[in-house]
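These notes are about the structure you will find just below.
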Amino acid sequence: MKKLINDPEEVVREALEGVAAAYGDRLRVNFDPNYVVRADSPVQGKVGVLSGGGSGHEPMHGGFVGPGMLDAACPGAVFTSPTPDQMLAATQAIDGGAGVLHIVKNYTGDVMNFESAAELAIAEGAEVESVLIDDDVAVQDSTYTAGRRGVGATVLAEKIAGAAAEAGRPLGEVAGLARRVNEQARSMGMALTSCVVPHVGRATFELAEDEMEIGIGIHGEPGRQRVRLAPADAIVDLLLDPILTDLPFESGDRVLAFVNGMGGTPQIELEIAFRRVSQVLGDRGITIERNLIGSYITSLEMAGASITLLKLDDELVSLWDAPVDTPGLRWGA
Amino acid sequence: MKKLINDPEEVVREALEGVAAAYGDRLRVNFDPNYVVRADSPVQGKVGVLSGGGSGHEPMHGGFVGPGMLDAACPGAVFTSPTPDQMLAATQAIDGGAGVLHIVKNYTGDVMNFESAAELAIAEGAEVESVLIDDDVAVQDSTYTAGRRGVGATVLAEKIAGAAAEAGRPLGEVAGLARRVNEQARSMGMALTSCVVPHVGRATFELAEDEMEIGIGIHGEPGRQRVRLAPADAIVDLLLDPILTDLPFESGDRVLAFVNGMGGTPQIELEIAFRRVSQVLGDRGITIERNLIGSYITSLEMAGASITLLKLDDELVSLWDAPVDTPGLRWGA
Amino acid sequence: MGVPDWMRMTAAVLERDRDRLNRLDADIGDGDHGANMARGFAAVVARMDGAPEDHPATELRAVGMTLLSTVGGAAGPLYGSFFIGMATALREAGPEPELGAPEWAAALSAAVAGVQRRGRAEPGDKTMVDALVPAREALDAAAADGASLADGLRAAAEAAERGALETIPLVARKGRASYLGERSAGHLDPGAASSALLLRAAAEAWGETR
Amino acid sequence: MGVPDWMRMTAAVLERDRDRLNRLDADIGDGDHGANMARGFAAVVARMDGAPEDHPATELRAVGMTLLSTVGGAAGPLYGSFFIGMATALREAGPEPELGAPEWAAALSAAVAGVQRRGRAEPGDKTMVDALVPAREALDAAAADGASLADGLRAAAEAAERGALETIPLVARKGRASYLGERSAGHLDPGAASSALLLRAAAEAWGETR
Ligand SMILES: Nc1ncnc2c1ncn2[C@@H]1O[C@H](COP(=O)(O)OP(=O)(O)O)[C@@H](O)[C@H]1O
Ligand SMILES: Nc1ncnc2c1ncn2[C@@H]1O[C@H](COP(=O)(O)OP(=O)(O)O)[C@@H](O)[C@H]1O
Ligand SMILES: [Mg+2]
Ligand SMILES: [Mg+2]
Ligand SMILES: [Mg+2]
Ligand SMILES: [Mg+2]
């Protein structure tokens, strides 16, 4: 295992110390329980937006804390859902009297831990709404599974709900917007290589030189199928097809196209993938009105990419364009 | 070789097509000769700022084109300096009558190609100044070598010179600021793994599981020494020591600390490295007044990191803080 | 023998089997189950060390809360509910309960009910429930037969181990493994494996004093 | 025989040795020299195909400009200067120059001077100059001895090959390999190797018609 770390067991704590040192003017890092919160929290009268999940997906979620996006994020151990005590403390830290939204990726662990936290917070008097993100079309037969996973739409929902909260909209509307993003977004990802979880110390799975995994999860969970390596255009087509047919996205639609790197894939390859996305959508009469290209939801150093399409309307566009000031996503501020 | 590409020979062209599709509202991409330019170029009365270099270092340089930073960038083949015809055409495209600054990383190829381009542009009537970036303290005995390489300081010089140009300052001052950044910045990098140049198809060098390369170049050139893998803190110390003693940086100094990922190193590891940087500088009485943590000068999917320190003064701080609106670096806009 | 011994044995065995559980989880999940469990039970033992002996319900509730706040993932809330369920049942057994087979059987029933309430998994879904339900049934039967606690827990541990092995051919319908669909068949469920370890540790903790 | 044949032979040989040159460059540089050279000379040949025969100086100038705009890196401007230098010298040889050993020797002198002006490398710096300078000396000597062009170019090619091999023990002082310091010793310089290929191709292009 070749990593720029000290003790595999201390990765999350030390990274949080780095975050505290780097962004101390804007963010506060709490230890035991661990969470990252806007330095000016709670913002009185503003809905608090909280997310969280396993570490190893940086910049998600801690890198999205700041004005216009999240009020706080709870990092778990690497690839492991955080715990209710973190979520409870963070919920209370950002509760400015207008209620708190929990944005939860649909994984059994995240769901159960956030459920516990919401129960505890509500029992202590907070107003909490939860929105489940489950945009991953790689998961089929969702009645026989834990349901679709939350992947790329998470970033989009956090940005858009965060903008709505920043604009002073009430909890019900902020939650409704996050739900709308989730309903109008679909994603799928693939991996060229595995990643190595620090405290495990060896690759989560093995892929031969000529293989790739389609429909991979962001924790190195095996995907829909393992197939022969293909050129970028064919890979993009393979990911886009189920995304397009699922919602479906149709001629005349306006979309936000998000090409996400899994961590170990260079920007130049994401640009090549975006080229194909724009060709395919162009051919289908779908307009890419906004885009996001980069490594925003990662799986440590995994090589691979995911594609997310979000159907846009004027309200979503203006919330997407609203200023955001976080370490991981920043514009207009 | 596992990459999200189509034809290894077409990587640069297809990535540029992706850039054109993604940022067409803000950037224009010219093919044959290849360059990326602000859509509103030339900006009349403003100094044009041009850089360029081999591809494979994204977001540098094409991702830094936009208001407040570069007016244009010339991408070469992967890890290969671009050619004078590209630079000449780009120089002319951004010449708004106030002259053009060439920011050149000190590599024999880049220097010679930019020299040719400057000669040609001047012969055709342009006013051109060139600033050489050579901040890499890994290169010792610079009289017996091609001199120190240009690495991390390049991004800082491009940002700061770009801000000065945007503010309407004249060519001499813009060039002077870029030179000041170079004089006051020092860098050093290391690699945990090699990268694979697409048209070569196999790792540029081999490192054993327990080895790392200290003082690596950004093109996979071998470094100062190959040593046993060490914990992150020890690695940071190893990089910081020659940086600190070279300028030198001293107690009371104010610095910008830039922890740069080489491409394949996840953000969480860069945060761990930044933690140590902030400890060491704190112990020495050096104040980190600004920071930048992320993968900005990459070597394809190489795992590793570099550290750059820039000694700040009030003018550099305010130029650093000025709005910038590029795909790779954005704030205040 | 009591709860602290049970927890120490469980922690030791999870530390020993940490890699095996990670590997089982890597096959059909995300490879962290061993690390999660070892981290959680190490915290349980750390918080127990030096603490005075207390009502088992109080001890078990503390175990549940510690697991809830240190394990994370799916296993954290599930094992948290397990111990909190156990604690609630034992609280009802009075201020100084004699821990015999019937009391343990009632506690295990409440524990398994807690897991199922939280996770909504049924037997056959390829989860820890496939180890826990047979264990509960075996202990219930032993208690009804008037068996000793040691014998009852041994029967429960054996049933849990059998139940865990029987997850191998199953296709997962809950948790992360369910994303694999048919590809999850042919693998032992890591949570079922850790449940079997937990019950084997109970059999040993209470077996020695028989 | 003339410039187009020389270029075609060079392009073919660079395509063939592309991996070898990349590998030499990977050892002490960045591994792209073969790719750069193959790309550049393929472009040269492509632009030449179908073009009418012209004054060799015009042809060589076009080669230099093409290399300058397609090779990139260090080799692009250097080989660009090489051919532009050659062109300038041959232009002076009149409107329809007879390409004999003396004319070629003068042209090669100008070419090597062009490379040295651009790159400021001296013999012993472990660069292409270590192949080119001996080649120039050998051709000069052959021309002075009244040797044929074919014999002169063969001598030049042999000298270049020897010069290239002699770069092996050297420590690089120019170009990317210089960053390696002492670690650059023990490796053949890729630019010297490509220069030797270029001169060997010249010897073969003009050798056949002797
Ligand atoms: N809904 C559920 N009900 C009961 N047990 C479950 C459920 N979902 C998952 N599990 C158990 O949790 C185990 C995985 O735990 P762990 O790896 O720690 O969490 P995660 O899946 O979040 O990484 C599975 O092997 C399974 O036994
Ligand atoms: N200053 C110089 N003068 C002459 N030749 C040089 C000089 N610098 C480098 N070279 C030659 O260029 C070769 C490398 O070319 P190439 O790999 O194409 O460029 P780059 O180093 O930019 O990747 C070296 O092997 C050396 O022979
Ligand atoms: Mg997990
Ligand atoms: Mg090169
Ligand atoms: Mg797991
Ligand atoms: Mg090279």
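The values are calculated or read from the model by the stated rules, or taken from the named source; none is laboratory data. In this text, all values refer to a predicted model and were calculated from it rather than measured experimentally. Counting neighbours? That spans all protein chains shown, and the Cβs are built from the backbone with ideal geometry, glycine included. Just the protein is used for accessible areas: all its heavy atoms, side chains included, with ligands, DNA and RNA removed. Shrake-Rupley method; radii C 1.70, N 1.55, O 1.52, S 1.80 Å.
Starting from the amide H of B:R202, placed 1.01 Å from N in the peptide plane, find each other amide H under 5 Å away whose residue is 5 or more places distant or on another chain.
Here the answer is B:V197, since their amide H atoms fall under 5 Å of that of B:R202.
Which percent, to the nearest 5, of DSSP beta bridges fully inside the range B:185-319 are antiparallel?
75
In the range B:185-319, carbon and sulfur make up what percent of the accessible area (probe 1.4 Å)? Walk me through the intermediate numbers first.
Values: 1770 of 3940 Å².
It is 45 percent, rounded to a whole number.
Keeping to pairs on different chains or 8 or more places apart, tell me how many lysine pairs in chain B have Cα atoms under 24 Å apart.
Summing the qualifying lysine pairs gives 5.
Over the range C:81-143, what relative contact order in percent results from Cα pairs under 8 Å that are six or more residues apart?
Relative contact order of the range C:81-143: 37 percent.
In nm to one decimal, list the spacings between the D:G94 label point and its equivalents in the other copies, with label points set 7 Å along Cα to Cβ, shortest first.
Listed shortest first, these distances are 12.8 nm.
Would you mind listing the distances between the B:R202 label point and the same position in each other copy? Use 7 Å along Cα-to-C-beta, nm, one decimal, shortest first.
In ascending order, 2.6 nm.
Chain pair C, A: how much accessible area is buried, both chains summed, with a 1.4 Å probe, in Å² to 100?
Using a 1.4 Å probe on protein heavy atoms, the buried area is about 2600 Å².
Counting only protein heavy atoms and a 1.4 Å probe, tell me what percentage of chain D's accessible area is made up of carbon and sulfur.
52
Antiparallel DSSP bridges in the protein assembly as shown: what percent, to the nearest 5?
Percent antiparallel among DSSP bridges in the protein assembly as shown is about 55.
Taking the label point 7 Å from Cα in the Cβ direction, how far apart in nm is A:P170 from each other copy of itself, listed shortest first?
Label-point separations across copies, in nm and ascending: 6.2.
Set the Förster radius R0 to 35 Å, insert the Cβ-Cβ distance between A:F31 and B:D210 as r into 1/(1 + (r/R0)^6), and round the FRET efficiency to 0.05.
Working: r = 32 Å, r/R0 = 0.91.
Between A:F31 and B:D210 the formula returns 0.65.
Would you kindly derive the ³J(HN,Hα) couplings of the range A:7-18 from the backbone phi angles with the Karplus curve 6.51 cos²θ - 1.76 cosθ + 1.60 (θ = phi - 60°), listing them in order in whole Hz, with x for Gly and Pro?
Values, residue by residue: 9, x, 7, 10, 3, 5, 4, 5, 5, 5, 5, x Hz.
Taking amide hydrogens as modeled 1.01 Å from N in the peptide plane, which residues meet the under 5 Å criterion relative to A:T326, leaving out close sequence neighbours?
Excluding prolines and chain starts, which carry no amide H, the hits are A:W331.
In chain A, what residue has the beta-carbon at the shortest distance from the axis of the rotation relating A to B, and what is that distance in angstrom, rounded to the whole number?
Output: A:G264, 2.
Each residue of the range C:141-158 in turn: what ³J(HN,Hα) in whole Hz from Karplus with 6.51, -1.76, 1.60 and θ = phi - 60°, glycine and Pro shown as x?
5, 5, 4, 5, 7, x, 5, 6, 4, 4, 5, x, 5, 4, 4, 5, 4, 4
Under the definition of partner shielding as Cβ atoms of other protein chains within 10 Å of a residue Cβ, what is the mean value for peptide D:174-186?
The per-residue average across the peptide is 5.
Over chain C, with the other protein chains present, what is the accessible area per residue in square angstrom, probe 1.4 angstrom?
Using a 1.4 Å probe on heavy atoms only, each residue of chain C averages 38 Å².
For the range C:3-207, what does the relative contact order come out to in percent, with C-alpha contacts under 8 Å and a separation of six or more? Mind dumping the intermediate values first?
On the way: 381 pairs, mean separation 44.4, N = 205.
In percent, rounded to a whole number, it is 22.
What's the magnitude of the charge dipole for chain B around its Cα centre, counting Lys and Arg as +1 and Asp and Glu as -1 at the beta-carbon? Answer in Debye, nearest 20.
Roughly 380 debye, rounded to the nearest 20.
Using the alpha-carbon centroid of each, what span in Å lies between the range A:263-333 and the range B:256-333?
The range A:263-333 and the range B:256-333 have Cα centres separated by 23 Å.
What is the distance, in nm, between label points placed 7 Å from the Cα along the Cα-to-Cβ direction at C:D5 and at A:E289?
About 6.9 nm, to one decimal.
Hey, got the dipole for the range B:185-319? About the Cα centre, +1 on K and R Cβ, -1 on D and E Cβ, debye to the nearest 20? Provide the component values of the computation, followed by the final result.
Numbers: 11 positive and 20 negative charges, 24 e Å.
Here the range B:185-319 has a charge dipole of around 120 debye.
Would you mind telling me which residue in A:G68, A:G96, A:G304 has the biggest mean-square fluctuation in a Gaussian network model of chain A, where springs connect alpha carbons within a distance under 10 angstrom?
Taking springs between Cα atoms under 10 Å, the residue moving most is A:G96.
With a 1.4 Å probe on protein heavy atoms only, tell me which residues of the range A:87-119 lose at least 30 Å² of accessible surface in the complex relative to the chain by itself.
Checking the loss per residue gives A:T108, A:M112, A:N113, A:E115, A:S116.
Out of all DSSP beta bridges in the range B:1-85, what portion is antiparallel? Express it as a percent rounded to 5.
Values: 6 of 12 bridges.
Antiparallel: roughly 50 percent of the beta bridges in the range B:1-85.
Karplus couplings for the range A:246-259 from phi (6.51 cos²θ - 1.76 cosθ + 1.60, θ = phi - 60°), rounded to Hz, Gly and Pro as x?
Per residue, the Karplus-derived 3J(HN,Hα) values read 6, 5, x, 9, 10, 3, x, 5, 10, 9, 9, 9, 10, 9 Hz.
Be a star and scan the range D:89-117 for residues whose amide nitrogen sits under 13 Å from the point 7 Å along the Cα-to-Cβ vector of D:E53.
D:96-99
Within 12 Å, Cβ to Cβ, of B:A90, how many net charges do the neighbouring residues add up to if Lys/Arg are +1 and Asp/Glu are -1? Spell out each step's value before the answer.
Details: positive: B:R28, B:R38; negative: B:D71, B:D85, B:D95.
Combined, the nearby Lys, Arg, Asp and Glu give -1.
Quick check for me: using +1 on Lys/Arg Cβ and -1 on Asp/Glu Cβ, what's the dipole size of chain C about its Cα centre, in debye to the nearest 20?
Numbers: 22 positive and 30 negative charges, 143 e Å.
That gives a dipole near 680 debye.
Using a 1.4 angstrom probe on the protein heavy atoms only, could you order B:T193, A:T265 from most to least accessible area?
Sorted by accessible area, descending: B:T193, A:T265.
Give me the 1.4 Å probe accessible area per residue for the range A:218-333, excluding ligands and nucleic acids, in Å².
31
A:L27's amide H: which non-local residues (gap 5+, or another chain) put their own amide H closer than 5 Å, with H modeled 1.01 Å from N in plane and none for Pro or chain starts?
A:A39
Please report the spacing between the Cα centers of the range B:60-136 and the range C:46-90 in Å, no decimals.
65
If I ignore ligands, DNA and RNA and count only protein heavy atoms, how much of B:K159 is accessible to a 1.4 Å probe, in Å² to the nearest 10?
The accessible area of B:K159 comes to roughly 0 Å².
What total accessible surface area, summed over both chains, is buried at the interface between chains A and B, computed with a 1.4 Å probe and given in Å² to the nearest 100?
For chain A against chain B, roughly 4500 Å² becomes buried.
Express the relative contact order of chain A as a whole percentage, based on alpha carbon pairs under 8 Å and six or more residues apart in sequence.
Over chain A, the number comes to 18 percent.
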